[in-house]
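Below you will find the structure I want to go over with you.
Nothing in this text is a laboratory measurement; each read-out follows from the coordinates by a stated rule. Computed from a predicted model, the values in this text were never measured in an experiment. Glycine gets a Cβ as well: all are built from the backbone with ideal geometry, and neighbour counts include every protein chain shown.
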Amino acid sequence: MRRSTAAAVGTLTGAALIVGVRLSVQPPSAPAAAPPSTSLVDNPAPEATAKKPAGTAGGAGKKTTEPEKNKSGLKDGTFKGKGATNPYGTVQVTLKIANGKITAVDATYPTTGNSATINPVAVPKLKQETLQAQSAKVAAVSGATYTSQSYQESLQAALDSAKA
Amino acid sequence: MGTAVSIELADDLPAARLGELIADVCRWLHEVDARFSTYQPESEVMRLRRGELTAADASEDLRHVLNACADLWRATDGYFDAYAGGPLDPSGYVKGWSVEVASARLAAAGSTNHYINAGGDIRMRGHHPDGGPWRVGIRHPWEADKLSWVLALTDGAIATSGTYERGDHVINPRTGKPAQGLRSVTVVGPDLSLADAYATAALAMGEPGLKWLAKIATDGYESAVVTDDGRAFSSANLPAAV
């Protein structure tokens, strides 16, 4: 026997993927909220100041008038911008400059409480493409949760009955 | 409310053994239903709701579920919320998790080539009987008999949340209104319990969910999205079949 297949219709819980309803949501209760270790990534550090060139605010690096070396006019070092605060939290940009070139840009942003979603992060965007409508041969189909009834009409059901 | 579960085992094992493995998966899924369903008055979840059981005295599984829901609440900026409807309802996590566990059990019992599809959320391992990866279609959000993407995976999970099947059942917790903007969100990654929760959360976010999905791609969770107005988006490393 090379393989076996089975399709079963059960009453698995969890069909109702209801998210939200209330605005005044309490954080999940007891055991959940207990561990204080909330942050997923780094915490915003709004109080941090520029490391080397103290007082040179601004996340975009600093143009100096130093006549020597770097054509770009950018001083080597690590520069932290002044934290920019909006209602969703504080964003602070850090630039690393080596040999007059920007070698790294990093931003801290809030990841808990209010807003990892709203503050854009320096990550690649999803790429836009053309929506396909194809009929390829597949072993299984992923789709929005269907009821037992709509399962009967689904592509997955057709696959299952073809194998049964 | 029932969910259809399809199981395919592609291991070279005796038929009787395959039958046992499938029976074991079904037993586990029914056990999960009995213990966690909000439709069963005597489930652990309902006893916890009524205060007959404290979280501290709950089973290890339930404590895991509660902690995972809390982590997801934070990870999704509150868009995945087991308390959204008022009393605790961890169903949105339990489904993916129970299938994730079922697949791990199968692997431990010797089935290293299989998939389990619970209502469109799939966990797979190993290879298709023909020796290639598992090819999984993502349902087209308007044409039920068509696919919008075809993916190829050996080990991993695919979960899709959409508004096309059951209407406005996903609520944006920030507005209290049905989620708008995205018609279908598919998340692909190593763990089905997370992929499923992420897909639901992104759907609730609406179009800002596109940015959020780009962020979780850096954690190994790829995505494919169709907006209400028919635009399609995918993350850079979505495992599209060739």
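Can you list residues whose amide H is under 5 Å from residue A:75's amide H, if they're 5+ apart or on another chain and H is modeled 1.01 Å from N?
A:62, A:64
With each pseudo-label sitting 7 Å past Cα toward Cβ, what's the residue B:109-residue B:145 distance in nm, one decimal?
3.6 nm
Of A:125/B:177; B:177/B:211; A:137/A:163, which ones are farther than 24 Å apart at the Cα? Mind dumping the intermediate values first?
Working: A:125/B:177 26 Å; B:177/B:211 21 Å; A:137/A:163 13 Å.
In this structure, A:125/B:177 lie more than 24 Å apart at Cα.
So, one more: Going by amide H atoms built from the backbone, whose H comes under 5 Å of the H on residue B:207, apart from near neighbours?
Hits under the 5 Å cutoff: B:182.
With θ set to phi - 60°, apply the Karplus curve 6.51 cos²θ - 1.76 cosθ + 1.60 along segment B:212-224 and write out the HN-Hα couplings as whole Hz, x wherever there is a Gly or Pro.
Ordered by residue, 3J(HN,Hα) equals 5, 5, 4, 5, 6, 4, 6, 9, x, 10, 7, 8, 9 Hz.
Residue by residue through segment B:3-17, what is 3J(HN,Hα) from phi via Karplus (6.51 cos²θ - 1.76 cosθ + 1.60, θ = phi - 60°)? Round to whole Hz and write x for glycine and proline.
10, 7, 10, 10, 10, 10, 10, 10, 8, 7, 10, x, 3, 5, 5
Right, here's the next one. Over the alpha carbons of segment B:5-234, what is the largest minus smallest coordinate on each principal axis, giving the biggest first in Å?
54, 48, 31
How far is the Cα center of segment B:66-103 from the Cα center of segment B:11-56, in Å?
16 Å
Non-local amide H neighbours of residue B:127 (under 5 Å, H modeled in plane, Pro and chain starts lacking H): which ones?
It is B:114, by chain and number.
Moving on. Determine, from the Cβ-Cβ distance of residue B:50 and residue B:231 and an R0 of 51 Å, the FRET efficiency 1/(1 + (r/R0)^6), rounded to the nearest 0.05.
On the way: r = 46 Å, r/R0 = 0.90.
Step by step, r from the Cβ atoms, then E = 0.65.
Tell me, what HN-Hα J-couplings in whole Hz come from the Karplus equation 6.51 cos²θ - 1.76 cosθ + 1.60 at θ = phi - 60° for each residue of segment B:124-132, using x for Gly and Pro?
Values, residue by residue: 10, 9, x, 10, 5, x, 7, x, x Hz.
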